Amino acid sequence: MKELYDLIIIGSGSAGMAAGIYAGRAKLKTLVLERDRAGGQIKITNEVENYPGILHISGEELSQTMRKQAENFGVKFLQDVVESVDFSQDIKKVRTVEGEYEALAVIVASGSVPRKLGFIGEEEFRGRGIGYCATCDGEFFSGLEVFVIGAGLAAAEEAIFLTRYARKVIIIARGAALSCPQTISDRALAHPKIQVKFQTELLEVGGDTVLRYAEFVDNQTGEQWRYDAEQNETFGVFIFVGYIPQSAEYAQQLRVDERGYIPTDESMRTNVDGVYAAGDIRPKELRQLVTAVADGAIAATSVEKYLTLKKERLGLNDEEKTPVTRQSTSLLDEALKEQLAPILERLENQITLLAILEEGSGFSQELRDFLTEFAGLSDKVGVEFLNKGEDPVREQGVNATLFPTVALLGPDGAYTGVQFHGVPGGHEINSFILALYNAAGPGQAVSAETLAKIRAVDRKVSFKIGVSLSCALCPDVVTLTQLMALKNPLIEAEMIDAARFPDFKNKYAIMSVPAIVVNDEKIAFGKKSLEELLELAGS
């Protein structure tokens, strides 16, 4: 018999996590299904300065804290992709890639994704100059000129952020003014590195392996003008022109408006009894962190009232629930060790980290220090150090081509196909830990269908994933390719910190992450599903 939840929350952005916090406090048995890591759009926001009571915080830090709050109240998080739903009965069913889940109520908080403009060259140069996340990709444009397309709050804030890297930022606005709060508009207009071109639109970009030119038009006079990068240089274009609601999975079950948003009443109720919507999936005047959090709180409170009546009608009684014990909110080094301890304790078999270093390199010394300290956390994790060229046979055995490198050896001492080129810090500590967990056992649960798809790959495939440690989307791609490598000996997955390996970055003209290089030939950018990675692998 399936486990019956009081509430399933689809989406772990600000609205979904706020709903989880309120549902957990109300002692509702709650499951949050998250397509990506918790945080939604806020996790790729560099600075949050307009949330009441908080002077300054990064989006990533805020999202991690919100998730921890929800977990402290007993909320369960599960990373999975919703494929379809059935809201026709008292018990709601949510079908995902990995299974089916049931609940008495559902909150849809699936949010939205950045909208593309459709100008000539947008798809061709995505990841080679065209970007949608300044926090992820801004560092690739250090010392270069950057265009920001858009006039809203996101465009203005990200333009200001990009001045940390770019020598000049040019905002391209369709209208005659910036459509954001006056304080942000004033900061952008007054910034010495920012120029704004009003009543202007982008028509086309082009180049060779990277951007070399862009063409614009004055939408009042019709006059066109062209920007050409300086000799041997490139430039960046970041798009911030709104979002597309992620409502396709619910369109047959719920009423949606002409733009794809899910309308609700003031209590966040949809047109289906027991189903609520919150956050950027709703039509609303202001799409901000504060309104998303408010939506989530209101939705969860409404669910609590709804369930009281529903359980009475269905004759369901709540089991006695143990009060939630609040956990420590300490952060960084000691907190990370505390979080890692229960995971490392579950490792079933001995595994080894084989580090091949470059003698005299400060980077290699940094990696040595990290691995030495990390191995001290568990008797199931061993570490072995070699200098480049010291043992060519072992280097060849792990297909080492970039140095320094860390190759993961399984319980039998054989190479697993997983390598890390860089110190696994930032977001990539997650993919590093998951690789160890999956290699040593018990590992993440993988459905028979997924396993069969991975093992159907019948030729050698090398994935090299260029990442930035500030990229919140990169670990998901790294983790998926690592899982593929661990389940199929023909597949290899290497995480490469693009900032640490400029030759790799320049070879493939990488200006956006995650960058997925397949068999050292073709390259793709952005977050990918397992099916998309299998397609890249030629399965």
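Would you tally the residues in the range 181-226 being out of contact with any Leu (no Cβ under 8 Å at 6 or more places or on another chain) and assigned to a loop (DSSP other than H, G, I, E, B)?
Going residue by residue through the range 181-226, those that are out of contact with any Leu (no Cβ under 8 Å at 6 or more places or on another chain) are 182-183, 186-187, 190-195, 197-201, 203-204, 206-213, 218-223, 225-226.
Within this subset, residues satisfying the condition of being assigned to a loop (DSSP other than H, G, I, E, B) are 191-193, 198-199, 208-210, 219-223.
Residues meeting the conditions: 13.
Tell me yes or no: at least one residue of the range 57-72 is under 22 Å from ALA251 (Cβ atoms), surrounded by 15 or more Cβ atoms within 10 Å (Cβ to Cβ), modelled with pLDDT under 90 and touching a helix residue (DSSP H, G or I) at 6+ places or on another chain (Cβ under 8 Å). Taking every residue of the range 57-72 in turn, none turns out to be under 22 Å from ALA251 (Cβ atoms), surrounded by 15 or more Cβ atoms within 10 Å (Cβ to Cβ), modelled with pLDDT under 90 and touching a helix residue (DSSP H, G or I) at 6+ places or on another chain (Cβ under 8 Å). Tell me yes or no: at least one residue of the range 502-515 is closer than 30 Å to GLU145 by Cβ, in contact (Cβ under 8 Å) with a residue 60 or more places away in the chain and open to solvent by 40 Å² or more (accessible area, probe 1.4 Å). Checked against the condition, which is being closer than 30 Å to GLU145 by Cβ, in contact (Cβ under 8 Å) with a residue 60 or more places away in the chain and open to solvent by 40 Å² or more (accessible area, probe 1.4 Å), the range 502-515 yields at least one hit. Among the conditions (1) surrounded by fewer than 17 Cβ atoms within 10 Å (Cβ to Cβ); (2) in a loop (DSSP other than H, G, I, E, B), the only one that LEU178 does not satisfy is (1).
Return the total of residues in the range 391-408 being in a loop (DSSP other than H, G, I, E, B) and either touching a residue at least 24 places away in the same chain (Cβ under 8 Å) or touching a helix residue (DSSP H, G or I) at 6+ places or on another chain (Cβ under 8 Å) (or both). First the steps, then the outcome.
Looking only at the range 391-408, we keep the residues that are in a loop (DSSP other than H, G, I, E, B), and these are 391, 398-404.
Next cut, either touching a residue at least 24 places away in the same chain (Cβ under 8 Å) or touching a helix residue (DSSP H, G or I) at 6+ places or on another chain (Cβ under 8 Å) (or both) only: 398-400, 402-404.
Number satisfying all stated conditions: 6.
For the criterion of being touching a residue at least 24 places away in the same chain (Cβ under 8 Å) and buried (at least 19 other Cβ atoms within 10 Å of the Cβ), PRO411 fails.
Can you tell me which residue within the range 187-204, out of those that are charged (D, E, K, R) and within 31 Å of the chain's Cα centre (by Cα), is nearest to LEU162 (Cα to Cα)? Ranking the qualifying residues of the range 187-204, first place goes to LYS193. For beta carbons closer than 8 Å, sequence separation of 6+ or different chains, a first residue in the range 426-451 that is β-branched (Val, Ile, Thr) and a second that is surrounded by 14 or more Cβ atoms within 10 Å (Cβ to Cβ) and not in a helix (DSSP H, G or I), the qualifying pairs are THR450/VAL97; THR450/GLU98.
Answer with yes or no whether GLU285 is open to solvent by 70 Å² or more (accessible area, probe 1.4 Å) and assigned to a loop (DSSP other than H, G, I, E, B).
Working: open to solvent by 70 Å² or more (accessible area, probe 1.4 Å): yes; assigned to a loop (DSSP other than H, G, I, E, B): yes.
Answer is yes for this residue.
Between LEU309, LEU316, LEU254, the distinction of being assigned to a loop (DSSP other than H, G, I, E, B) and open to solvent by 60 Å² or more (accessible area, probe 1.4 Å) belongs to LEU316 only. Being touching a Gly at 6+ places or on another chain (Cβ under 6 Å), closer than 30 Å to GLY111 by Cβ and either open to solvent by 30 Å² or more (accessible area, probe 1.4 Å) or polar (S, T, N, Q) (or both) is a description that does not apply to SER185.
Restricting attention to the range 212-238, the residues that are over 21 Å from TYR165 (Cβ atoms) and of a type in the set (Val, Ile, Thr) add up to 2. Count of the range 101-126 residues, restricted to those that are not aromatic (Phe, Trp, Tyr) and not in a strand (DSSP E or B), is 11. Looking across the range 159-174, the residues that are open to solvent by 20 Å² or more (accessible area, probe 1.4 Å) and out of contact with any His (no Cβ under 9 Å at 6 or more places or on another chain) come down to ARG164, TYR165, ARG167, LYS168, ARG174.
Among residues of the range 239-251 being of a type in the set (Phe, Trp, Tyr) and not in a loop (DSSP other than H, G, I, E, B), the one that is farthest from ARG167 (Cα to Cα) is TYR250. When VAL477 is tested against (1) in a loop (DSSP other than H, G, I, E, B); (2) under 27 Å from LEU211 (Cα atoms), only condition (1) is not met. Every condition in (1) in contact with a Phe, Trp or Tyr (Cβ under 9 Å, 6 or more places away or on another chain); (2) open to solvent by 10 Å² or more (accessible area, probe 1.4 Å); (3) not in a helix (DSSP H, G or I) holds for MET495 except the one numbered (2). In the range 415-441, which residue that is open to solvent by 20 Å² or more (accessible area, probe 1.4 Å) and hydroxyl-bearing (Ser, Thr, Tyr) is farthest from PHE504 (Cα to Cα)? Step by step, filter the range 415-441, then rank; the result is TYR437. Under the condition of being under 15 Å from ILE130 (Cβ atoms), modelled with pLDDT under 95 and of a type in the set (A, V, I, L, M, F, W, C), the residues counted in the range 168-218 number 1.
From the list ILE454, ILE465, which residue is outside any loop (DSSP other than H, G, I, E, B), β-branched (Val, Ile, Thr), under 22 Å from GLY236 (Cβ atoms) and in contact (Cβ under 8 Å) with a residue 12 or more places away in the chain? Steps first, answer last, please.
Working: ILE454 fails: under 22 Å from GLY236 (Cβ atoms).
Checking each option against the conditions leaves just ILE465.
I'm trying to understand the selection: among the residues of the range 473-492, which are among the aliphatic types (A, V, I, L, M), open to solvent by less than 10 Å² (accessible area, probe 1.4 Å) and without any contact (Cβ under 8 Å) to a residue 60 or more places away in the chain? If the condition is that a residue be among the aliphatic types (A, V, I, L, M), open to solvent by less than 10 Å² (accessible area, probe 1.4 Å) and without any contact (Cβ under 8 Å) to a residue 60 or more places away in the chain, then VAL477, VAL478, MET484 are the ones that fit. Here SER328, SER247 are screened, and the one residue that is modelled with pLDDT under 75, within 26 Å of the chain's Cα centre (by Cα) and of a type in the set (Gly, Ala, Ser) is SER328.
Filtering the range 127-153 to residues that are assigned to a loop (DSSP other than H, G, I, E, B) and among the hydroxyl-bearing types (Ser, Thr, Tyr) leaves TYR132, SER142. No other residue among PRO392, PRO404 is open to solvent by less than 10 Å² (accessible area, probe 1.4 Å) and under 30 Å from ALA537 (Cα atoms) apart from PRO404.
The values are calculated or read from the model by the stated rules, or taken from the named source; none is laboratory data. Because the structure is predicted, anything quoted here is derived from the model rather than measured. So basically every Cβ, Gly included, is an ideal-geometry build from the backbone, and we count neighbours across all protein chains shown. Areas reflect the complete protein model, heavy atoms only, side chains present, ligands, DNA and RNA absent. Shrake-Rupley method; radii C 1.70, N 1.55, O 1.52, S 1.80 Å.
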